[in-house]
Every structure is written in C-alpha cells, then in structure tokens.
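Take a look at the structure set out below.
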C-alpha cells in the first residue's frame, strides 16, 4: 500500500489556495484522489490527506476572498476620502500641492483656486462615488461629487491618476482635472478656468480646470529628498 500522490497534490494546492485557480485545483485534486482510493481495492491510502487538501482549499480560498474584498473596500474608501479632501481644498483656495502631480502648485492652479474661492466658498463635498476606472499605467479613476456651495448644490466630476502611495501602499488619487456644473449667475470666465454653456440647461455653466490635460506622470509618487 502507498499513499495516493494526487492526495499530496491536493494538499499542496490547498496551501496556496489564495489563488482562485489553486483553490479550484485543490478541490478537484482532493475529489479525484478520494475516487482513486475507493477504486484501488486497498492498494492506495491517503483519504485523510485528500480531505486535508479539500479543507485547505476551502478555508484558505474563502479567507483570501474575504481579505481581498476588505482590501478593495479600504482602497475605495481611501480614494473617495482623498478626492473629497483635494476638491474641498481646491475650491476653498487652500493650496495643497500633494493633491496634484506637481510638487509645487502651478500658478494656473493657484489662480483657479482663488477664483473658485471667491465664487463658491465655503464649500463642502458631500456624496462621492467612483463611476469608472480606465485601465492604464497608472490607471485613471473618474469620480462624481455633490458639492455644497453658498449658492446651492453643484455636481462635479473629477479625473484622477490612481498611483501608489509609499506611506500606505494603497492607491492614492492625484487629480488630473475638475469639471463643475454651477449656476450661471455664480460663474465668470478666466484664463485658467474654461467656462462654457451647458447643453442640458441654459441656467448652468461648466467650469473646467485645466483647459487641457496635464502630461502623464509616473506610476508612483516621488520620494521626498
């Protein structure tokens, strides 16, 4: 009598079942081993080993899925919180260059912030959702925001590069562009903020910054020093 080698394969796959393919392979190998042992008329042993592979595949696979879901939820929450903070700081005129790719705020960004602070401050960014993720290096996330201004609620959309934050190893959004639909009575054109009529409502103006997309940056944040 000898142990069925397929049972040991099931154990090996179950031990690395954090990969869905390995988890499925461990389940199939364990079931196949049990069938081989039953048909061997006592020549093969290893039922306990096969069942160990099956249980490992189930436990390790389920735990990995749970961890992955929680990590995804943490990444999404981190992105939404960062976008809300960056937009509030931008529209309130508080310069925070870490919300943008440039190390120091571009002069055009500062002008845009000053103008928006005059037009809509104080602001509070409310409900924020990520509507789309564009595959790339780095990927680009698109966000929709409800912005509470002194003139009422406005709808904003943001494109942001989803890059690696060295302090947390989580994707941290770095804003590329902002677009806000504001009541026409509150808007004014400037050299940096592109303002145009909304095709859906003649009472709204679309405010955009920047006028053109900034150049692509690397996939990770620059290290200090």
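We did not get these values from a lab; they are worked out from the coordinates using the rules stated. Here the structure is a predicted model, which means the values were calculated and not measured. For neighbour counting, all protein chains shown are included, and Cβ atoms are generated from backbone atoms with ideal geometry for every residue, glycine included.
Here is how the numbers come out for the structure above:
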| item | result |
| --- | --- |
| Stretch gain in nm, segment residue 38-residue 111, where the contour uses 0.36 nm per residue and the Cα spacing is subtracted | 18.5 nm |
| Cα-projected label distance for residue 1 with residue 151, points at 7 Å along beta-carbon direction, nm | 8.5 |
| When the convex hull of its Cα atoms is projected in every direction, mean area for region 2-69 (nm²) | 3.6 |
| Globularity index of region 113-173, i.e. its alpha-carbon radius of gyration over 2.2 N^0.38 Å | 1.35 |
| Extension reserve of the residue 92-residue 77 stretch, reckoned as 0.36 nm per residue once the Cα distance is removed | 3.2 nm |
| Sites residue 127 and residue 21, calculated FRET efficiency, Cβ-Cβ separation with R0 35 Å, nearest 0.05 | 0.40 |
